[in-house]
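The values are calculated or read from the model by the stated rules, or taken from the named source; none is laboratory data. Everything quoted here is computed from the prediction, not taken from an experiment. Cβ sites come from the backbone with ideal geometry, for glycine too, and all protein chains shown count toward neighbours.
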Amino acid sequence: MATNYATVTWDQLHRDARLLAENLMPRAPFRGIVAVTRGGLIPAAIIARELDCRLIESISVVTYQNEEERGEPTIIKDPEAAGDGEGFLVIDDLVDSGITAQVVRRRLPKAVFACLYAKPSGKPLTDLFVVEVPQDTWVLFPWDTAPLFVPPLARKPVPTE
Ligand SMILES: O=P(O)(O)OC[C@H]1O[C@H](OP(=O)(O)OP(=O)(O)O)[C@H](O)[C@@H]1O
Ligand SMILES: Nc1nc2[nH]cnc2c(=O)[nH]1
Ligand SMILES: [Mg+2]
């Protein structure tokens, strides 16, 4: 269970995606990009623009979960156009346990796998990432959050003893 949160704004996400694209330039050009839906879709769009790549595929990996455990991950959308991944770049927003990346890599063994954020358990499964995040930190993406009114400190009720 995460004990800390790291909030990523749209601006920060855009900067991190551009930095990832810059770091990927030595490995370009790619025949196409495979976005890992849904989290990888927006990073993939930004990176596709920077790398001038117009062939975009997607893969969807779903792990059905109850309160205690995670089920077997299943590919519910296959990246047919990407073959075995040769010449393709796979983009996800982050790796955490690395389970999603493992399934994707097994399906696309010849692709380059890159993501914006990586936690220590998932890090070995990536070829490239931008920022390392501690394992106990939950990343809040801009699409997960909304600005909220916070009352001024002076208006907060003073706790009575
Ligand atoms: O390394 P893991 O432990 O597998 O976690 C990382 C995956 O989890 C999130 O996707 P999620 O399955 O929540 O779906 P989403 O992208 O549709 O939000 C995230 O976008 C990664 O794809
Ligand atoms: N939004 C979000 N989704 C995740 N899926 C696995 N880890 C994370 C995380 O830290 N943040
Ligand atoms: Mg995802």
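List of remarks:
- Strands (runs of 3 or more DSSP E) completely within the range 69-161 that count 1 or more residues being touching a Leu at 6+ places or on another chain (Cβ under 8 Å) and within 11 Å of ligand 2 (Cβ to nearest atom): 88-95, 112-118, 137-140
- Residue match in the range 39-49 (condition: at pLDDT 95 or above, over 23 Å from residue 131 (Cα atoms) and crowded, with 16+ Cβ neighbours inside 10 Å): no
- Of all residues in the range 109-121 being touching a residue at least 40 places away in the same chain (Cβ under 8 Å) and more than 15 Å from ligand 3 (Cβ to nearest atom), the one that is surrounded by the fewest Cβ atoms within 10 Å (Cβ to Cβ): 112
- The residues of the range 134-156 that are over 24 Å from residue 48 (Cα atoms) and either within 16 Å of ligand 3 (Cβ to nearest atom) or among the β-branched types (Val, Ile, Thr) (or both), listed by number, are 137, 138, 145, 150.
Yes/no per residue for (1) more than 21 Å from residue 143 (Cα to Cα); (2) surrounded by fewer than 19 Cβ atoms within 10 Å (Cβ to Cβ):
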position: 62; (1), (2): no, yes
position: 87; (1), (2): yes, yes
position: 94; (1), (2): no, no
position: 98; (1), (2): yes, yes
